[in-house]
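Asker: Structure in C-alpha cells, see below.
The values are calculated or read from the model by the stated rules, or taken from the named source; none is laboratory data. Nothing here was measured: the structure is a model prediction, and the numbers come from that model. Here the Cβ positions follow ideal geometry from the backbone for every residue, glycine too, while neighbour counts run over all protein chains shown.
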Amino acid sequence: MTLPETASSTNFIRSIIDEDLKSGKHKTVVTRFPPEPNGYLHIGHAKSICLNFGLARDYNGRCHLRFDDTNPTKEEQEYVDTIQESVRWLGFDWGEDRYYASDYFEQLYRWAVALIKKGKAYVDDLTADEIREHRGTLTESGRESPYRNRPLEDNLDLFHRMRAGEFSDGSRVLRAKIDMASPNMNLRDPVMYRILHATHPHTGAAWCVYPMYDYAHGQSDSIEGITHSICTLEFEDHRPLYEWFLDQLGIYRPQQIEFARLNLTYTVMSKRKLLELVQQGYVSGWDDPRMPTLVGMRRRGFTPEAIRTFCERIGIGKNDSWIDMGVLEDCLRHDLNERAPRVMGVLRPLRVVIDNYPQNQTEEFDAPNHPNKPEMGSRKIPFSPVIYIEQDDFSEDPPKGYFRLTPGGEVRLRYAYIIKCVGVVKDEQSGKIVEVRCTYDPQSRGGSAADGRKIKGTIHWVSAPHSIEAEVRLYDRLFTLLNPGSDKGGADWKSGLNPNSSETLKSCRLEPGLADAAPERRYQFERQGYFCLDTVDSSPGIPVFNRSVTLRDSWVKNQ
C-alpha cells in the first residue's frame, strides 16, 4: 500500500489505537474506507480517506477500499471507477485490499438464516409505510408486527422463496427481532433484507434479495478483520445494532469509533442534494468546478496536497462544527504559491499602441517563473509596439489613490518599460475607450527610470501579436448562504445559490508560452489569481483556464 507522506497529529482515535497496541488487543491496525458507489466522492469523503489511509500509514497497517454496494437501484460502475480514481488522485493506494460487500452476499445470507433459526429474525409482510407506522416515535414505543411470531419453519421457507424470486419487490422483508420498545429507534426490529429485482453492477442478476447497509456493514468489517471501524457521528446510534448482529452471530467484533463529519460553509455535501443540482441543471455535472466533489475540485485546479493539508489542519474531533470555506481556499493558495509558475494574462483586454516604439521591432525580456525559486528558471516574454493591458488598469477619470495608467500619467510595465499615456481612441457611437496611445521611455528597460523618478504603479501586459487567445472562467462559491444545507438555510435550500458563482470571459490574451500548457497544469496569473487548464473543454485552438482561487480572500469583506 503506497501512502503519501504527511504530518500526523494526535487525536482521540490515535489515543485509542495506541492503547489497543500497547495492551496487545491488536498486533496491527486494519482500517477501511467503505464508500457506497451511488455518487461521486466529495471533500467530506476526503477527510475520511485521509484519516483511514493515514492511520494505516502511520501504524504500518492496512487500509481496505470496500464498496458497500448493497443497493443496486442506485449504484453504477461509473461510480466505482471514479471513486477509485479519486482515491488514487488524493495519493492513496489500497494495494491488493479492494473488496465489495457483494463479495459476501452468500455468507451474509447464511448468517441471516442462522439468525432465523435462533429466533432472532423473521419475515414480515407489512408494507414499508406500515413498518414505519409501527415503529413508533422518540417518545412512544413501537408496535409489534402481526407477523413477528411466525413459526421458525415458515420464516425459513419464506426467506428461501424470497431469494428464489417468488415474490414481488416490497412484498416482504426480513427483519431482526430485537426490541420494539427500545429507546434506540435503530433497535426496533430493523429491516435486514428487502426484495429488489434489479441487476447489480458487480453480481449481475445472481440476487433478488439485498441486505440493508446496517446488516452488511458490521459483518463485512468482521470478515475482513478490520480492527478499527471508523464512522461519522451519525452512526453513533447505529453502533448498538452493529454490535448486536456480531454478538448474536458469535463472530469477531471490530471496534466502531465515531468522529465528527466535515461541515463546510457555502456548500452542501449531501449526495441527494448534489445529485439534485446535477439532475436539475444548476451545475454542468458532477465535475462542475464549483462542486465540492473531488472530480470538480480537481478540474478547478485543487491539488491533492492542498486537500490533504486541509484535512490535517481541521483535525479530528467528536463534536460537530462548521469549517469556513476560507480555510480550504487558504490551503490551496499556500500550496500553489509555492509550486505555481508565474505568467501574465490579460482577462479583459484594452489595446495599447506605443507610438514611439519602432513599429517593426520585437524584443524579449527575461522573467522569472517564480520570484523566490530561481531553480524554477525563467522565460522569454516578447514585447512589441502593440500590447494589451487590463481595462481596469486605465482610468480616464481616476479616483483618489489610483496608481495605474491615466491621461498624462506614467506606469511601469512589468519586466519591460515605463510608458506614458498621451491620448485615447473612443468608439464614435458608444464613446467607449477602445485604444490607448502611449509613448515609452527607451532608457527604462527593466522598469527603472534613468533619471530616478518614482513610478508608483506596475501593471501586467502581453504583446498583442504574440499573445494567444483563451477563454477564462472565474469561479466563486456556489452558495451565498453560510450554511445552505441547514434548517436556517430555508425550506428551499437552492434559493441560496450564488447567481455570480461563474463568469466566462472570452477573448482573453495570455503569454504565448501558455499555448503548450498541459492538462491540470496550474499557474499564477500575476495580479489575477491561480488558474488551471480545463481538462474537459480546452481545445488546441482556444485553451480554457479555470480560476482555482483568488490571490487573497476577499469574500468576507465583500459580503
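Asker: Look through ASP355, ASP320 and report the one residue that is within 20 Å of GLY446 (Cα to Cα), touching a residue at least 24 places away in the same chain (Cβ under 8 Å) and among the acidic types (Asp, Glu). Break it down stepwise before answering.
Answerer: Values: ASP320 fails: within 20 Å of GLY446 (Cα to Cα).
None of the others qualify; the one that does is ASP355.
Asker: Now for a separate question. Does PHE302 meet the test of being out of contact with any strand residue (DSSP E or B) (no Cβ under 6 Å at 6 or more places or on another chain), in the same structural domain as LEU533 (by TED's automatic domain parsing) and part of a loop (DSSP other than H, G, I, E, B)?
Answerer: Yes; evaluated as a whole, the condition is true for this residue.
Asker: Next up: Mind listing just one residue for me: the one in region 250-280 that is in contact with an Asp or Glu (Cβ under 9 Å, 6 or more places away or on another chain) and assigned to a helix (DSSP H, G or I) and, of those, nearest to TYR213 (Cα to Cα)?
Answerer: Ranking the qualifying residues of region 250-280, first place goes to LYS271.
Asker: Quick test for you: out of LEU233, LEU249, pick the one residue that is of a type outside the set (Lys, Arg), modelled with pLDDT under 95 and not assigned by TED's automatic domain parsing to the domain that holds CYS532.
Answerer: That would be LEU233, the only listed residue that is of a type outside the set (Lys, Arg), modelled with pLDDT under 95 and not assigned by TED's automatic domain parsing to the domain that holds CYS532.
Asker: Now, a different point. Could you please find all residues in region 326-340 being of a type in the set (D, E, K, R) and farther than 27 Å from THR480 by Cβ?
Answerer: Hits for region 326-340 are GLU338, ARG339.
Asker: Identify, from the list GLU396, GLU428, the residue that is exposed (fewer than 15 other Cβ atoms within 10 Å of the Cβ), in contact with a Pro (Cβ under 9 Å, 6 or more places away or on another chain) and more than 23 Å from ASP366 (Cα to Cα). Write out each step before concluding.
Answerer: Values: GLU428 fails: in contact with a Pro (Cβ under 9 Å, 6 or more places away or on another chain).
Answer to the check: GLU396.
Asker: I need a count of the residues in region 280-308 that are surrounded by fewer than 20 Cβ atoms within 10 Å (Cβ to Cβ) and among the hydroxyl-bearing types (Ser, Thr, Tyr).
Answerer: Looking only at that region, the number is 2.
Asker: Let me ask you something else. Considering region 493-540 alone, what residues qualify as being over 20 Å from the mean Cα position of the chain (by Cα), assigned to a loop (DSSP other than H, G, I, E, B) and touching a residue at least 60 places away in the same chain (Cβ under 8 Å)?
Answerer: Answer for region 493-540, where residues must be over 20 Å from the mean Cα position of the chain (by Cα), assigned to a loop (DSSP other than H, G, I, E, B) and touching a residue at least 60 places away in the same chain (Cβ under 8 Å): GLU511, GLU526, ARG527, GLN528.
Asker: Among the residues of region 403-426, write down those that are among the aromatic types (Phe, Trp, Tyr) and either at pLDDT 95 or above or within 24 Å of LYS380 (Cα to Cα) (or both).
Answerer: Listed by number, the residues that qualify are TYR415, TYR417.
Asker: How many of the residues making up region 449-481 are in a loop (DSSP other than H, G, I, E, B), under 45 Å from the mean Cα position of the chain (by Cα) and not β-branched (Val, Ile, Thr)?
Answerer: The total comes to 12.
Asker: Turning to a different aspect of this structure: Testing GLU503 on (1) farther than 22 Å from GLY529 by Cα; (2) of a type in the set (Asp, Glu); (3) exposed (fewer than 13 other Cβ atoms within 10 Å of the Cβ), one condition comes back false. Which one is that?
Answerer: Single failed check for GLU503: (1).
Asker: Separate question: Just one of the numbered conditions (1) more than 17 Å from the chain's Cα centre (by Cα); (2) without any contact (Cβ under 8 Å) to a residue 60 or more places away in the chain is not true of THR31; which one?
Answerer: (2)
Asker: Here is a follow-up. Looking only at region 413-420, decide whether some residue is within 30 Å of THR550 (Cβ to Cβ) and among the basic types (Lys, Arg).
Answerer: yes
Asker: Is one or more of the residues making up region 136-144 under 19 Å from VAL209 (Cβ atoms), surrounded by 13 or more Cβ atoms within 10 Å (Cβ to Cβ) and not acidic (Asp, Glu)?
Answerer: no
Asker: Hey, another quick one. Would you check which residues across region 86-99 are surrounded by fewer than 15 Cβ atoms within 10 Å (Cβ to Cβ), touching a residue at least 40 places away in the same chain (Cβ under 8 Å) and assigned to a helix (DSSP H, G or I) and list them?
Answerer: Across region 86-99, there are no qualifying residues.
Asker: Something else now. Are there strands (runs of 3 or more DSSP E) fully within region 162-249 with at least 2 residues that are within 30 Å of TYR59 (Cβ to Cβ)? List them.
Answerer: Here the list reads 228-232.
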